[in-house]
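Working notes, structure below.
The values are calculated or read from the model by the stated rules, or taken from the named source; none is laboratory data. On a predicted model such as this, the values are computed, not experimentally measured, just so you know. Neighbour counts run over all protein chains shown; Cβ positions are idealised from the backbone, glycine included.
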Amino acid sequence: MLLSNTKNFGWRGRWIAWRNRVFASERFQRFAMRFPLTRPIARARARGLFDLVAGFTYSQILAACVQTGLLDLLAQGPLDAATISARIDLPAAGTERLLRGAAALGLVEPLGSGWALGSDGAALRGNRGIAEMVAHHHLLYADLADPVALLRRGGGGGQLSRHWHYAESAGRGDADAVAAYSTLMATSQPLVAAQAVDSYRFDRHRRLLDVGGGEGAFLQAVAERVPGIELGLFDLPAVGERARVRFDSAGLASRTQVFGGDFLCDSLPEGYDLVSLIRVLHDHDDGPALALLRAIHAALPAGGRLFIAEPMARTPGAEPVGDAYFGFYLLAMGSGRPRSSVEIRAMLREAGFAKSRVLATAMPLTTSAILANR
Ligand SMILES: C[S@@+](CC[C@H](N)C(=O)[O-])C[C@H]1O[C@@H](n2cnc3c(N)ncnc32)[C@H](O)[C@@H]1O
């Protein structure tokens, strides 16, 4: 017996059912491959489907490139395979296999009798944060080895939730527990900071408090752009200590104040006319996320503003990053979910913010931004 009755889903349901019957039919697929006008589309769709099927293998080739230092090595200039093999400490056959796989993905490219860095390899190397993300992905992939089991147990309980200590033990984490994730956040912050700082006039404000500010990399980027602004950072005490070290060595100690605490139960410092939440909201389930927005609303003066930046779900052109990548990443982490800008703005209204708007960013794939008025 059929469970679904397409009639219940209106004309769109009927259209989708018809389209899917056509796309699934072998006769149509054969026709689309042969007919000159549909052939390029058929090939592109097949390639897209193959990438979906093979994505994990591609990621592991990239992981091997990062782990062996292959991309860093070729960034110094082209080399022959024997030298590469000796330098990355793989047997000749393994080196050849890796080079060919990486070349197929645009990470390296053959050059005469040797090998050079490929254009995508160069772009990846240009951002240390990406290499750090790739390097920690073994934790995610271990948790995703059985995705159905992960979905059944409701997330968490694996390697990634141990890495993000606060996901398992909300509001806690000693120096050892916070070290690895804080380093990852600080090295990947350039992916976000430049865009966030470009998307809004931070110089309209006198005092900025970055809540969940990590090691202070974002505030350091703001300080470089906006000379007069006073800066505050709120994070778990062990993370705050790391921020203090960064501010001291960057000569920012006199402009910054660090507050250690748990933003899920401690009140936030007042006297800041701008609060920022950078890659923080999506880490938390709806209840705590709403409580945090309410706490920020309470700490802001009338006319104060909240700036939120993180990758958001259902961002046009960047859909897989939200609900696919972060949807499953945060599931494995055991806390939070990616939200669309529409969902975040609805939460802001619920928390008491009078108005909010989406700000344009250069690369919504990594960073979307919202500004809310108290
Ligand atoms: C994903 S990191 C983002 C760090 C930084 N904003 C960035 O973009 O690089 C989330 C931060 O929130 C902090 N955090 C998580 N739960 C917290 C809590 N209950 N109280 C205070 N800070 C917390 C973590 O320690 C971490 O530094």
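One line per residue, one yes/no per condition, for (1) touching a residue at least 24 places away in the same chain (Cβ under 8 Å); (2) in the same structural domain as Phe263 (by TED's automatic domain parsing); (3) away from the ligand (no atom under 16 Å from the Cβ):
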| site | (1), (2), (3) |
| --- | --- |
| Leu281 | yes, yes, no |
| His284 | yes, yes, no |
| Ala289 | yes, yes, no |
| Ile296 | yes, yes, no |
| Ala302 | yes, yes, yes |
| Thr315 | yes, yes, yes |
| Pro320 | no, yes, yes |
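Gly336 passes all but one of (1) in a helix (DSSP H, G or I); (2) under 30 Å from Ala149 (Cβ atoms); which number fails?
Of the numbered conditions (1) in a helix (DSSP H, G or I); (2) under 30 Å from Ala149 (Cβ atoms), the odd one out for Gly336 is (1).
If you take the residues of segment 238-264 that are under 13 Å from Ala175 (Cα atoms) and within 24 Å of the chain's Cα centre (by Cα), which of them is nearest to the ligand (Cβ to nearest atom)?
Once the filter is applied, the top-ranked residue is Val239.
Considering only segment 317-359, state which residues are surrounded by fewer than 15 Cβ atoms within 10 Å (Cβ to Cβ), at pLDDT below 95 and either within 16 Å of Val280 (Cα to Cα) or among the small types (Gly, Ala, Ser) (or both).
Gly317, Ala354
Select, from Ala186, Ala193, the only residue that is within 11 Å of the ligand (Cβ to nearest atom), assigned by TED's automatic domain parsing to the domain that holds Val222 and in contact with a Gly (Cβ under 8 Å, 6 or more places away or on another chain).
Details: Ala193 fails: in contact with a Gly (Cβ under 8 Å, 6 or more places away or on another chain).
Every option except Ala186 fails the conditions.
For segment 140-180, enumerate the residues that are assigned to a helix (DSSP H, G or I), closer than 14 Å to Tyr329 by Cα and within 9 Å of the ligand (Cβ to nearest atom).
Result: Ala167, single match.
Here is a check on your reading of the model: is Asp203 in a strand (DSSP E or B) and among the acidic types (Asp, Glu)? Steps first, please.
Values: in a strand (DSSP E or B): no; among the acidic types (Asp, Glu): yes.
No.
List the strands (runs of 3 or more DSSP E) that sit entirely inside segment 226-305 and contain at least 3 residues that are within 30 Å of Asp323 (Cβ to Cβ).
On the way: elements: 230-235, 256-260, 274-278.
Those strands (runs of 3 or more DSSP E) span 274-278.
Would you kindly identify the helices (runs of 4 or more DSSP H) lying entirely within segment 1-106 that contain at least 1 residues that are under 22 Å from Ile130 (Cβ atoms)? I'd like the intermediate steps shown before the answer.
Working: elements: 10-24, 26-34, 39-68, 70-75, 81-88, 92-104.
Helices (runs of 4 or more DSSP H) meeting the threshold: 39-68, 70-75, 81-88, 92-104.
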